[in-house]
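S.K.: I have a structure here, written as structure tokens, and I will follow up with some questions on it.
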Amino acid sequence: MQEEIIQQIQDLKKQRNAVILVHNYQRQEVQSIADFTGDSLELSRKAANTNADVIVFCGVHFMAETASILSPNKKVLLPDLQSGCPMADMITAEQLRQFKKENEGATVVTYINSSAAVKAETDICCTSSNAINVVKSVQNDKIIFCPDRNLGSYAQKVLNKKLILWNGFCPTHMKMLPEYVALQKEMHPNAVFLVHPECCPETVALADEVLSTTGILNYVAKSDKQEFIIGTENEITFKLQREYPNKKFYPVTDLAVCPNMKKNSLDKVLNVLKEMNNEIKVPKEIADKAIVPIQKMLEVKP
């Protein structure tokens, strides 16, 4: 049955001249049909460089928006319209405008995990892998960082630079408590602890390496270590175990599952390709503003 669905997806993909993007946190069966897997911005940039007419983005809403911003002439489809991001929803454009008024003269650095409307109110965007370099590049001493207080806190600590943090967070990464890490370290004393900076500062402080999702994958690929404690959404742990069966991977906690990422399925991918519905289209007036901070970010030297 699954093989039949996959074949139908492949046939329709050719008919629609579509490309399928799948985030690293998606279900494995959905990853199996991907043209590209990776982090959100990386995927959107890859899709923009294809000649596809249609992008099926297996991720969450803000990711599809970013794909629409970078590929305004392509049709972007989201298999499940309910697959949102709680952290992105923790700040609206109106709230950011008010926050800027309260902190007049501040430069706004916004994590890519945010809505297009919020990006449109932003000076420069960042990702989890380049947040340090982006914040470092800002000349202003007064910097608003939103929406993720944990990523902002990490950048603040590394750079010894005071930031004005918006009080947003990722509920999934917040489940990786330091006591769970301590337990895993006790059980696996030879394991390297790799953590995503969306985790709380107390958990990040215990890490051997602080890395983005792609950074974790790359680190393991190059490492001669044999055991790893993984501090991000658990799909990565499962993916690593499949790709490196001779190494051992331990999730910080079984609770680290993003329910929104798991809403997409093969059936839903097939349905959007059949119906060509669930289109995510960022209005031009917002897209024109939102692309500016993204471009500024891409100009920051690593």
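S.K.: What pairs can you find where one residue is in segment 238-262 and of a type in the set (F, W, Y), the other is at pLDDT 95 or above and part of a strand (DSSP E or B), and their Cβ atoms are less than 6 Å apart, with a gap of 6+ or different chains?
M.R.: F249/F228; F249/I230; Y250/I229
S.K.: What is the one condition in (1) over 27 Å from N234 (Cβ atoms); (2) of a type outside the set (S, T, N, Q); (3) buried (at least 23 other Cβ atoms within 10 Å of the Cβ) that L163 does not satisfy?
M.R.: The one condition L163 does not meet is (3).
S.K.: Same structure, new question: Filter segment 66-82 for residues that are in contact (Cβ under 8 Å) with a residue 60 or more places away in the chain and open to solvent by 30 Å² or more (accessible area, probe 1.4 Å) and give the result.
M.R.: Within segment 66-82, L70, P72, K75, L81, Q82 qualify.
S.K.: Right, next: Could you look through segment 8-36, keep only residues that are surrounded by fewer than 21 Cβ atoms within 10 Å (Cβ to Cβ) and under 28 Å from L298 (Cβ atoms), and pick out the one that is farthest from the chain's Cα centre (by Cα)?
M.R.: N17
S.K.: Looking at (1) within 25 Å of E3 (Cα to Cα); (2) open to solvent by less than 70 Å² (accessible area, probe 1.4 Å); (3) touching a helix residue (DSSP H, G or I) at 6+ places or on another chain (Cβ under 8 Å), find the lone condition where D267 falls short.
M.R.: Looking at each condition in turn, D267 falls short on (2).
S.K.: Right, next: Can you spot a residue in segment 264-272 that is within 11 Å of D80 (Cβ to Cβ) and within 18 Å of the chain's Cα centre (by Cα)?
M.R.: Yes.
S.K.: Name the one entry in E279, E202, E209 that is surrounded by fewer than 19 Cβ atoms within 10 Å (Cβ to Cβ), under 30 Å from I6 (Cβ atoms), in contact (Cβ under 8 Å) with a residue 12 or more places away in the chain and out of contact with any Asp or Glu (no Cβ under 7 Å at 6 or more places or on another chain).
M.R.: Answer to the selection: E279.
S.K.: Select from segment 83-93 the residues that are under 14 Å from T122 (Cβ atoms) and either touching a Cys at 6+ places or on another chain (Cβ under 7 Å) or open to solvent by 50 Å² or more (accessible area, probe 1.4 Å) (or both) and list them in ascending order.
M.R.: Result: I91, T92.
S.K.: For the structure I just gave you, tell me whether T122 is touching a residue at least 60 places away in the same chain (Cβ under 8 Å), in contact with an Asp or Glu (Cβ under 9 Å, 6 or more places away or on another chain) and open to solvent by less than 40 Å² (accessible area, probe 1.4 Å).
M.R.: Spelling it out, it is not the case that T122 is touching a residue at least 60 places away in the same chain (Cβ under 8 Å), in contact with an Asp or Glu (Cβ under 9 Å, 6 or more places away or on another chain) and open to solvent by less than 40 Å² (accessible area, probe 1.4 Å).
S.K.: How many of the residues in segment 166-176 are closer than 15 Å to C258 by Cβ and open to solvent by 40 Å² or more (accessible area, probe 1.4 Å)?
M.R.: 4
S.K.: For segment 265-302, name all the residues that are acidic (D, E) and in a loop (DSSP other than H, G, I, E, B).
M.R.: Once the filter is applied, which keeps residues that are acidic (D, E) and in a loop (DSSP other than H, G, I, E, B), segment 265-302 yields only E299.
S.K.: Show the residue pairs meeting these rules: Cβ distance below 6 Å; 6+ apart or different chains; first residue within segment 102-115 and within 10 Å of P293 (Cα to Cα); second residue acidic (D, E) and part of a loop (DSSP other than H, G, I, E, B).
M.R.: As it stands, the answer is V108/D123, since those pairs meet every condition given.
S.K.: Please enumerate the residues belonging to segment 133-145 that are surrounded by 19 or more Cβ atoms within 10 Å (Cβ to Cβ) and either at pLDDT below 95 or closer than 19 Å to V210 by Cα (or both).
M.R.: V134, V135, F145, listed by residue number.
S.K.: How many of the residues in segment 25-52 are over 19 Å from K263 (Cβ atoms) and out of contact with any helix residue (DSSP H, G or I) (no Cβ under 7 Å at 6 or more places or on another chain)?
M.R.: 6
S.K.: Further question on the same structure: Against the conditions (1) over 18 Å from T107 (Cα atoms); (2) in contact (Cβ under 8 Å) with a residue 60 or more places away in the chain; (3) open to solvent by 20 Å² or more (accessible area, probe 1.4 Å), where does P197 fall short? Just the number, please.
M.R.: (3)
S.K.: In this structure, does E227 turn out to be more than 30 Å from L12 (Cβ to Cβ) and of a type outside the set (S, T, Y)?
M.R.: Yes.
S.K.: Charged (D, E, K, R), surrounded by fewer than 24 Cβ atoms within 10 Å (Cβ to Cβ) and at pLDDT 95 or above: does that describe D39?
M.R.: So D39 does not fit the description; no.
S.K.: Please count how many residues of segment 41-85 are in a helix (DSSP H, G or I) and touching a strand residue (DSSP E or B) at 6+ places or on another chain (Cβ under 6 Å).
M.R.: 7
The values are calculated or read from the model by the stated rules, or taken from the named source; none is laboratory data. All values reported here derive from a predicted model rather than from experimental measurement. Cβ: placed from backbone, ideal geometry, glycine included. Neighbour counts: every protein chain shown. What goes into the accessible areas is simple: the full protein's heavy atoms, side chains included, and nothing from ligands, DNA or RNA. Shrake-Rupley method; radii C 1.70, N 1.55, O 1.52, S 1.80 Å.
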